[in-house]
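The values are calculated or read from the model by the stated rules, or taken from the named source; none is laboratory data. This is a predicted model, so every value here is computed, not measured. Cβ sites come from the backbone with ideal geometry, for glycine too, and all protein chains shown count toward neighbours.
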Amino acid sequence: MEKEQETKKKIPDVKISDISFKTELDGDKLYFIRLNRSERVQHLIFVICFIILVITGFMTKISKDMLGWLGTAGNIVFYYRSLLHRTAGVIMILTSLYHIYYLAFKPAGRRLLFDMLPRIKDITDMISNIRYYLGLEDNPPEFDRFSYKHKLEYGALFAGTTLMSVTGVLMWTEQDWSKFLIDISTLVHGMEAILACLAIMVWHLYEVHLRPHKFPIDHMWLTGVIDEEEMKAEYPIHYKKIMNDPELQKIYTEVRILTDQGLKKIGFIK
Amino acid sequence: MTHYRRKSAKTKMLSSVFIHSVIYAVLCFFFFVGIGFAQSAAAPDEENCLFCHRYPQMGRYDETGKKRVLYINEKMFANSVHGNLRCKSCHVGLDTIPHTNIEKVDCSTKCHIAEPSTNKEFSHINMIEKFEASVHGQIINGKAKPYPEDLPTCKYCHTNHMYNPFRSNWGKSEALSKETLARCVGCHTREQWAKRFYSHFTHRMRRRRSQAEIITLCTSCHENREKMARHGLETIETYKDTFHFTQVKYGVENAPDCIDCHVPINYSTHYIRPKTDPTSPVYITNRVMTCSNQGGLKTCHPGAHAEFARGRVHAYGFKAKIAAYNEKLKIPSQTKNLVAERAQAEIEHKEIFHYNVLKIIRLFYKILIAVVIGSMVIHQMLDYIRTKKRHH
């Protein structure tokens with residue numbers, strides 16, 4: 001009888017959710033670095049510039065009937081629109097130039113460039129991944145550090161930023177060029193903007209916000225790390241590589257204590 | 001505008017006999033009754049037209065069903081640009097009652113006012129002559145233009161909303177202070193005259209219409225496809241594709257409207273010429289000046305050089321489309337259409353190339369966007385469905 005009472009007493013204390021929550025907070029945990037500090041800062045600057053550029057850029061395409069409410073304030077609004085667009089554009093170009101420098105001269109950048117290079121495996125990965133989506137295969141293909149999705153997106157971003165920067169600067173210095181070149185620039189700048197904007201919305205925002213296990217947001221863009229489970233599931237080849245190579249472990253792994261103190265350390269909470 | 005706010009009756013055709021008898025009846029009535037209510041006039045009505053025309057109910061529907069308001073608001077008229085004129089200065093004739101000898105008002109009529117710089121009788125004939133010689137005039141190369149009813153007349157742009165808004169604001173701002181007026185009436189003792197003179201020239205110190213209003217005015221004709229096609233012109237949707245119009249949309253100060261590029265520098269709007277005329281600011285050799293500094297009035301593209309200035313400002317419209325199409329078929333235009341004819345003459349070979357390049361780029365991007373975004377949407381939807389399935 002005594003024993004039974006003891007177990008009865010203990011049951012309400014032990015909730016499964018409590019345990020998992022506690023262990024997650026208490027234990028040291030192995031984390032894998034996806035973005036280092038420099039990359040996170042580059043991304044953050046890019047995000048802010050991109051949003052400003054999209055808003056101030058598409059402001060020129062609003063129809064006249066929708067601007068009536070601005071009245072005489074329109075003059076000031078347009079002045080700051082132009083100023084913001086150019087400022088954000090310049091910052092974005094500078095960030096991109098730094099990124100190229102980063103790719104060429106920093107060890108981390110070189111590794112990123114090397115891992116980002118397209119390979120034949122990407123094509124086979126894409127085919128088998130789509131086969132997996134369609135239910136023709138039971139498991140998704142095993143990805144290395146960057147999957148074909150990342151590579152396509154990075155390539156599109158690289159090409160898009162180059163085009164937008166060049167055409168933007170051409171339009172900024174319009175009186176030094178032939179009008180035909182400016183016409184082409186205007187057209188390309190506008191069309192590329194639509195393409196980039198839609199691509200970001202459909203491809204990138206889905207990846208980091210709407211995927212079922214990421215919703216509402218993937219915190220990796222701020223913390224820079226993912227846990228071991230996710231690493232195993234999403235990037236198994238890279239995981240194996242890291243676990244077999246102590247050199248890579250130094251670079252890509254980090255033991256973080258996810259207590260309040262730990263969360264503070266990685267900038268997750270204040 | 002109070003005189004337009006009458007009760008709108010259903011359009012009704014009245015026979016002229018009936019109208020005349022009504023007018024007689026009204027006249028008799030006012031002759032005996034109305035005299036007692038007559039108020040002192042702000043400006044002397046020497047011809048006594050207001051004896052009848054001051055009654056707000058005065059008006060009729062004419063034979064075409066159009067509402068004619070014959071009421072004159074004395075105060076408003078006195079404040080209008082023509083407030084110092086007699087009725088008969090413009091409305092020539094009208095000697096009998098009812099008025100059977102009505103003539104249409106001709107703005108070139110000499111109106112018995114001495115023009116101060118020459119002391120000759122004043123009329124608007126100078127402006128009308130310039131206007132007739134302009135691109136909007138009735139005559140081109142010595143021949144009358146087809147469809148004269150499409151062409152603008154004085155009143156098309158000079159809608160008589162020309163009551164100077166400052167007139168009633170005397171004493172309310174620094175520029176219209178009593179002190180300003182005092183500086184005038186010290187010598188020019190008639191206050192009414194001083195106010196009118198002040199308004200006369202302050203009216204001309206700025207444009208009456210904002211850029212957006214100019215665009216609205218010009219597009220009221222130039223956006224009508226049928227009307228423009230009759231004269232071999234494109235509609236100016238091509239302007240609305242430019243960054244110039246983007247600025248106008250937001251009401252940017254000094255944003256370039258139609259006048260800025262099409263009216264010769266140092267001339268009034270009445271002088272607009274076709275782009276083939278060497279005096280036109282869009283004539284090929286005048287372009288650098290027009291884009292760069294407008295004779296010192298504005299500096300839009302200060303460093304503009306010939307290669308930039310000679311390019312096309314408006315977007316390519318259907319003239320370029322026709323020309324490009326004809327060139328592709330390698331045949332001269334077969335249609336009798338005036339637009340097609342002029343497209344053949346106006347669009348240069350180089351421009352057709354430019355048009356084609358832009359067209360190909362646009363098409364390329366349309367396909368690219370459709371394919372890329374389409375496949376992205378499908379890919380991500382598949383991902384979503386599969387991931388959900390796997391989790392459940």
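For region A:88-107, which positions are in contact (Cβ under 8 Å) with a residue 12 or more places away in the chain and of a type outside the set (D, E, K, R)?
A:88, A:89, A:91, A:92, A:93, A:95, A:96, A:98, A:99, A:102
Quick check on my filter: what residues within region A:200-215 are in a helix (DSSP H, G or I) and either in contact with a strand residue (DSSP E or B) (Cβ under 6 Å, 6 or more places away or on another chain) or free of Cβ contacts under 8 Å to residues at least 12 places away in the same chain (or both)?
Listed by number, the residues that qualify are A:201, A:202, A:205, A:206, A:209, A:210.
Restricting to region B:274-315, name every residue that is under 23 Å from residue B:136 (Cα atoms) and among the β-branched types (Val, Ile, Thr).
Hits for region B:274-315 are B:276, B:279, B:282, B:284, B:285, B:290, B:313.
For region A:169-208, name all the residues that are within 21 Å of residue B:360 (Cα to Cα) and touching a His at 6+ places or on another chain (Cβ under 6 Å).
Correct list: A:180 only.
Does residue B:238 fit the bill of being under 25 Å from residue A:183 (Cβ atoms) and within 14 Å of chain A (Cβ to nearest Cβ)?
Criteria met by residue B:238.
Read through the list (1) out of contact with any His (no Cβ under 9 Å at 6 or more places or on another chain); (2) modelled with pLDDT of 95 or more, then give the number of the only condition that residue A:62 fails.
For residue A:62, the exception is condition (2).
Any chance region B:263-279 includes a residue that's touching a residue at least 24 places away in the same chain (Cβ under 8 Å), within 14 Å of chain A (Cβ to nearest Cβ) and surrounded by fewer than 19 Cβ atoms within 10 Å (Cβ to Cβ)?
No.
So which of B:213, B:174, B:237, B:253 is assigned to a loop (DSSP other than H, G, I, E, B) and surrounded by 12 or more Cβ atoms within 10 Å (Cβ to Cβ)?
None of the others qualify; the one that does is B:253.
With B:327, B:351, B:346 as the choices, which residue is of a type outside the set (Ser, Thr, Tyr), within 14 Å of chain A (Cβ to nearest Cβ) and closer than 23 Å to residue B:241 by Cβ?
Values: B:327 fails: within 14 Å of chain A (Cβ to nearest Cβ); B:346 fails: within 14 Å of chain A (Cβ to nearest Cβ).
That would be B:351, the only listed residue that is of a type outside the set (Ser, Thr, Tyr), within 14 Å of chain A (Cβ to nearest Cβ) and closer than 23 Å to residue B:241 by Cβ.
Count, please, the residues in region A:178-206 that happen to be of a type outside the set (A, V, I, L, M), under 18 Å from the mean Cα position of the chain (by Cα) and within 20 Å of residue A:161 (Cα to Cα).
Going through region A:178-206 one residue at a time, the tally reaches 3.
Quick check, is residue B:315 farther than 30 Å from residue A:207 by Cβ, touching a helix residue (DSSP H, G or I) at 6+ places or on another chain (Cβ under 9 Å) and within 9 Å of chain A (Cβ to nearest Cβ)?
So residue B:315 passes the test.
Do the conditions hold for residue A:110, that is, is it more than 17 Å from the chain's Cα centre (by Cα) and more than 14 Å from every other protein chain (Cβ to nearest Cβ)?
So residue A:110 passes the test.
Out of all the residues in region A:144-193, which are away from every other protein chain (no Cβ under 12 Å), in contact with a Phe, Trp or Tyr (Cβ under 9 Å, 6 or more places away or on another chain) and either within 19 Å of residue A:205 (Cβ to Cβ) or assigned to a helix (DSSP H, G or I) (or both)?
A:146, A:150, A:154, A:157, A:161
Among the residues of region A:198-219, which ones are aliphatic (A, V, I, L, M), farther than 17 Å from residue A:150 by Cβ and more than 10 Å from every other protein chain (Cβ to nearest Cβ)?
A:217
Is it true that some residue in region A:148-157 is surrounded by 17 or more Cβ atoms within 10 Å (Cβ to Cβ) and basic (Lys, Arg)?
Taking every residue of region A:148-157 in turn, at least one turns out to be surrounded by 17 or more Cβ atoms within 10 Å (Cβ to Cβ) and basic (Lys, Arg).
Give the residues of region B:363-384 that are facing chain A (nearest Cβ under 7 Å) and either crowded, with 16+ Cβ neighbours inside 10 Å or acidic (Asp, Glu) (or both), sorted by residue number.
B:365, B:369, B:372, B:373, B:376, B:380, B:382, B:383
Looking only at region A:120-147, how many residues end up being surrounded by 13 or more Cβ atoms within 10 Å (Cβ to Cβ) and either in contact with a Cys (Cβ under 7 Å, 6 or more places away or on another chain) or in contact (Cβ under 8 Å) with a residue 24 or more places away in the chain (or both)?
Final tally of qualifying residues: 7.
What helices (runs of 4 or more DSSP H) completely inside region B:278-367 contain at least 3 residues that are at pLDDT 85 or above?
In region B:278-367, B:287-292, B:306-309 are the helices (runs of 4 or more DSSP H) which contain 3 or more residues that are at pLDDT 85 or above.
Kindly list the number of the only condition in (1) assigned to a helix (DSSP H, G or I); (2) within 14 Å of chain B (Cβ to nearest Cβ) that fails for residue A:243.
(2)
Quick one: in region A:53-98, of everything that is facing another protein chain (nearest Cβ under 9 Å) and of a type in the set (D, E, K, R), which residue is farthest from residue A:164 (Cα to Cα)?
A:64
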